[in-house]
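Asks: Can you keep this structure in mind? I'll have questions shortly.
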Amino acid sequence: MTSRAAVCLIFLCSVCANKSRNGWRLVGRVMALATAVMLLFGSVTFAHSGLGAASPGPGAVVGGEITTIQLRYNSTMTDPDGSVTDPNGDIVRSTFTQDGNLKVIVSLDAPLSVPGQYAVRHITTDVEDNDRVEAAYLFTYDPTAPPPQLEIVAGDDGFPWIRAIVGVGGIVIAVFAWRLATSVQRARGSAPAA
């Protein structure tokens, strides 16, 4: 459990400790507000799916004659632009050309020649919402390394909504378990002795 979730759980437990209906109403309001915030601002996370594959890919060590860089996106995009920067910080002359709805070819004016780390900055317009999306990644050019392959770009470590739902669900279960435990203790305390 994260520290934020722990703070929320402690807050909810302290609110419920007064054992009044008003305390539970406040818990309901807090949960409704948390759900609304997740629905409103959580959707921003999924507005752009980003780069799905690249050649050379992020973090790759590649060699051979490299005259193009291939970028493939997870969602339909348009209006590609960007830059390639060499290890000395100089801009490599290049042209960004859209090749279909999901693919961009970066044509370099000359093959890569300076060994070291290159930065690829790419900018596109997401057709879903017309937002400009800018991202970048690094790869290393070593003339003795094998030529680049199309590499799948790993997404994030899971679907963020699952973590949010499990987190909120865990808090709700913890509050109800705590409430049940206090009710059982009260019932045992008020039960007549046998």
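Asks: Would you tally the net charge around GLN117, using a Cβ to Cβ cut-off of less than 12 Å, leaving GLN117 out, and scoring K and R as +1, D and E as -1? Could the numbers behind the result be given before it?
Replies: On the way: positive: none; negative: ASP86, ASP142.
Net charge in that neighbourhood comes out at -2.
Asks: Would you mind calculating the gained length between ALA187 and VAL166 on full extension (0.36 nm times residue separation, minus the Cα-Cα distance), in nm to one decimal?
Replies: Difference between extended and current length: 4.5 nm.
Asks: How many nm separate the modelled label positions at ASP109 and ILE173, each set 7 Å beyond the Cα in the direction of the Cβ?
Replies: 6.0
Asks: Something else now. Pop the C-beta distance of GLU134 and ILE91 into the FRET formula with R0 = 25 Å and round what comes out to the nearest 0.05.
Replies: Efficiency, from the Cβ-Cβ distance: 0.95.
Asks: Follow-up question, since we're still on this one. Just flag the trypsin sites (Lys or Arg not before Pro) in region 46-109 sitting in loop per DSSP whose Cβ has no more than 16 other Cβ atoms within 10 Å. Mind dumping the intermediate values first?
Replies: Numbers: sites: ARG72, ARG93, LYS103; in loops: ARG93.
Filter output for region 46-109: ARG93.
Asks: Net charge near PHE96: determine it from the other residues with C-beta under 15 Å of the C-beta of PHE96, scoring Lys and Arg +1 and Asp and Glu -1.
Replies: That sum, taken over residues with Cβ under 15 Å, equals 0.
All of the numbers you see were taken from the coordinates with simple rules; none came from a lab. Remember, it's a predicted structure, so these values are computed and weren't measured experimentally. As a convention, Cβ positions derive from the backbone with ideal geometry for all residues, glycine included, and neighbour counts pool all protein chains shown.
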